[in-house]
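The structure appears below as structure tokens.
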Amino acid sequence: MARTRRPLIAGNWKMNGLTSDALALAKDVAAGVSQAGWTDRELLVCPPATLVMAVAGAAKGSGLLVGGQNCHAKANGAHTGDISAEMLKDAGASHVIVGHSERRSDCGETDAIVRAKAQAAWRAGLMPIVCIGETLAEREGGKTLAVLETQLKGSVPAGSMAAKLVVAYEPVWAIGTGKTPTVDEVAAAHAHIRKVLGSLMSDASGVRLLYGGSVKGSNAAELLAAGDVDGALVGGASLNAAEFLAIAKAV
Ligand code: PEP
């Protein structure tokens, strides 16, 4: 069946990469994207902030998109060590990940903070990728769908529309562990996310919902074929160009 939403395969490089290896990786991914000439899917890499400008330069003209991994809610000011959405845009980013579980746990980011960051992304002209996902204890306690609903209602700003929002469902227990939910569990979570989005906005059917958590070349086809899955947010496997491109090919 033809997809109505253009899939997005996003790589989150996390705190990995120095100039030489990151640029080599970016060039390899960009070459693969350029060679494939995809118009039916988008590929995005989110390097550390120090490398956004260089990676954007390496990706130029290839079709590969570049994003940030986080931003501050404010445009500028006395926030030592932070980076604004405007700065990411200025460096060549088109997207920014907000509310990744590692930032929620490492930095205490709440839904309200994530929502403010998504609004900052809009202010700067960036597409926010809002991350949500349950912990293992929450899943085992049967609370997954309720947790996703609470996170969505708290993190997705009022005034959202499909053209300005991507949501990534990332079960915390599946990130970097090699474990994944079953295809049915992914489909159930995504169906619930779309239903909740329907109560928050008028064109929820157009929002792209990414699955994230231990996606690799060998499981991508199955996970990407699950109901309501419109792409993937990929951590570890995005650090290898061939593996990342294999995930994109599996769409
Ligand atoms: C992530 O960090 O967003 C992620 C999904 O990581 P991994 O693919 O390594 O599980």
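The values are calculated or read from the model by the stated rules, or taken from the named source; none is laboratory data. For clarity, every value in this text was computed on a predicted model and none was experimentally measured. Methodologically, a virtual Cβ is constructed for each residue, glycine included, from the backbone with ideal geometry; neighbour enumeration extends over all protein chains shown. SASA here: full protein model, heavy atoms, side chains in, ligands and nucleic acids out. Shrake-Rupley method; radii C 1.70, N 1.55, O 1.52, S 1.80 Å.
Computed over protein heavy atoms with a 1.4 Å probe, the accessible surface of region 46-167 works out to 43 Å² per residue. Of the three principal axes defined by the Cα atoms of region 1-51, the extents in descending order read 41, 21, 12 Å. For the chain, modelled as a GNM whose springs connect Cα atoms under 10 angstrom apart, the maximal fluctuation among Met127, Met161, Met15 occurs at Met15. Note that region 92-101 has calculated 3J(HN,Hα) couplings of x, 7, 10, 9, 8, 7, 10, x, 4, 4 Hz, one per residue in order, obtained from phi through the Karplus relation 6.51 cos²θ - 1.76 cosθ + 1.60 (θ = phi - 60°); glycine and proline are x.
Comparing Ala93, Ala54, Ala36 in a Gaussian network model of the chain, where Cα atoms under 10 Å apart are tied by springs, the biggest mean-square fluctuation is seen for Ala36.
For the chain, a simple Cβ point-charge model (Lys and Arg +1, Asp and Glu -1, everything else neutral) yields a dipole of about 480 debye relative to the Cα centre. Scaling against 2.2 N^0.38 Å puts the C-alpha radius of gyration of region 116-175 at 1.23. Protein heavy-atom surface of the chain, 1.4 angstrom probe: 55% of the accessible area is carbon and sulfur, with nucleic acids and ligands not counted. Seen from every direction in turn and averaged, the convex hull around the alpha carbons of region 204-251 projects onto 3.2 nm². With a simple spin-label model that places each label point 7 Å from the Cα along the Cα-to-Cβ direction, the separation between Arg123 and Leu136 comes to 3.9 nm. Which one, Ser214, Ser160, Ser238, has the greatest fluctuation when you compute a Gaussian network model over the chain with C-alpha springs under 10 angstrom? Highest fluctuation among the options: Ser160. Treating each Cα of the chain as one equal point scatterer and applying the Debye formula with no solvent, the log10 of I(q)/I(0) at q = 0.09, 0.12 Å⁻¹ comes out as -0.34, -0.62.
For region 177-236, the solvent-accessible area of protein heavy atoms averages 37 Å² per residue (probe radius 1.4 Å; ligands and nucleic acids excluded).
Hydrodynamic estimate: the Kirkwood radius of region 1-106 over Cα pairs, inserted into Stokes-Einstein at 10 °C and 1.306 mPa s, corresponds to D of 109 µm²/s. Fully extending the segment from Ala225 to Leu18 would add 71.1 nm, taking 0.36 nm per residue of separation and subtracting the current Cα-Cα distance.
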